[in-house]
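Data first, discussion second: the structure below is written as structure tokens.
The values are calculated or read from the model by the stated rules, or taken from the named source; none is laboratory data. Keep in mind that this is a model prediction, so the values were computed, not measured. A quick note on method: Cβ atoms are made from the backbone with ideal geometry, for glycine too, and the neighbour counts reach across all protein chains shown. Accessible surface areas use protein heavy atoms only, side chains included; no ligands, DNA or RNA. Shrake-Rupley method; radii C 1.70, N 1.55, O 1.52, S 1.80 Å.
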Amino acid sequence: MTAVPTAEARPLRARLRGGERLLATFVKSRDASVAEVLAAAGYDLIVADLEHSALSVGDIEGIVRACDAHGVPVVVRLPASALGLCGQLLDCGATGIQVSDVTSAQDAAAARAAVHYPPVGSRSLSLATRAGRFGAVSAGEHLTASLQSTVLVGQIESAEGVAAVGEILACDAFDALFIGPSDLSVSMGRPGDLRHPDVSGPIETVIAATASHGTPLGIFCGSAGEARQWAERGLTLLAVSTDLSMLGAAARAALGELR
Ligand code: 3PY
Ligand code: MG
């Protein structure tokens with residue numbers, strides 16, 4: 001049983017941990033119809049972006065509801081400074097949390113504490129929530145389902161995070177790590193130059209560390225072609241573009257043809 005009233009056929013966490021290739025995209029638009037369009041298109045999961053957007057917790061509830069109708073789970077990406085929102089977001093029915101810029105074992109432990117109930121973490125319990133089926137499940141059922149199905153992803157996107165990837169993996173807090181190439185390129189002093197060895201070298205370090213630890217790895221991809229290349233390298237969680245990037249690209253392409 002899953003923690004939320006969802007049509008999700010096979011729990012995302014099992015698919016992720018099983019090394020299944022998962023195709024995602026980021027959603028930043030506040031209109032849940034946009035997430036619904038993407039869910040209907042067949043993405044394996046939607047990453048709702050609470051770091052680089054105007055989305056609020058209330059928007060996430062609408063996005064989760066829209067995606068539930070298509071059996072598509074929602075993972076919410078947020079900065080570590082917003083870990084206090086994890087309980088509310090999971091109560092809304094989000095399947096997981098993706099924390100940006102994890103740089104230490106302490107960061108990993110804080111993320112785990114924020115998303116899990118005691119004794120694993122410190123999430124507060126209420127069953128008067130979507131996740132608690134508004135009281136239609138017992139506390140015990142909800143706690144068991146949450147522990148089994150809540151997904152936690154940690155982003156590695158700074159020199160500090162790459163240097164600490166071994167200690168982060170050793171915490172076993174995350175179901176997957178996820179490379180943020182843009183921030184990593186800035187952190188390495190090569191903004192936007194993702195192919196520079198100062199950026200590609202650290203990416204290789206993370207690929208090697210996760211492979212030897214047996215932890216699935218994801219990455220943000222600007223295009224389907226990029227995603228294909230990373231898939232060939234064994235990365236399994238492939239987040240391709242964002243709702244707003246896709247809209248902007250389609251709009252510019254149409255204008256380019258007509259002008
Ligand atoms: C980055 O590239 O920095 C990201 O966070 C992508 O999600
Ligand atoms: Mg980033």
**Prompt:** How large is log10 I(q)/I(0) at q = 0.12, 0.14 Å⁻¹ when the Debye formula is applied to the Cα atoms of the chain, each weighted equally and without solvent?
**Reply:** -0.67, -0.92
**Fill in**
Whole-Å distance linking the alpha carbon centroid of region 76-122 with that of region 195-218 is 23 Å
**Request:** Give the accessible surface of region 131-213 per residue, rounded to a whole number of Å², with probe radius 1.4 Å and ligands, DNA and RNA excluded.
**Result:** 41 Å²
**Message:** I need to check one value: relative contact order of the chain, counting alpha carbon pairs closer than 8 Å and at least 6 residues apart, in percent.
**Reply:** 20 percent
**Message:** Probe radius 1.4 Å, ligands and nucleic acids ignored: give me the carbon and sulfur share of the accessible area of region 39-137 as a rounded percent.
**Reply:** 53 percent
**Item:** Cα point-scatterer Debye curve for region 1-150, base-10 log of I(q)/I(0) at q = 0.11, 0.17, 0.21 Å⁻¹
**Value:** -0.37, -0.95, -1.45
**Prompt:** By average Cβ neighbour count within 10 Å, what is the ranking of 192-201, 213-222, 113-122 from highest down?
**Reply:** 213-222, 113-122, 192-201
**Request:** Rank-order 134-141, 24-31 by packing density, defined as the average count of other C-beta atoms within 10 Å over each peptide's residues, highest first.
**Result:** 24-31, 134-141
**Message:** Between Arg190 and Ala253, what is 0.36 nm times their sequence separation minus the Cα-Cα distance? Round to one decimal in nm.
**Reply:** 19.9 nm
**Message:** Let me check against my output: what whole-number percent is the relative contact order of region 158-259, with C-alpha pairs under 8 Å and at least 6 apart?
**Reply:** 24 percent
**Message:** Between Ser138 and Ala163, what is 0.36 nm times their sequence separation minus the Cα-Cα distance? Round to one decimal in nm.
**Reply:** 4.7 nm
**Request:** Please give the peptides 60-70, 223-233, 101-111 ranked by average Cβ packing (other Cβ atoms within 10 Å per residue), highest first, as a rough proxy for protection.
**Result:** 60-70, 101-111, 223-233
**For the chain, calculated [θ]222 nm from helices alone, where every DSSP H run of n ≥ 4 adds -39500 (n - 2.57)** = -13000 deg cm²/dmol
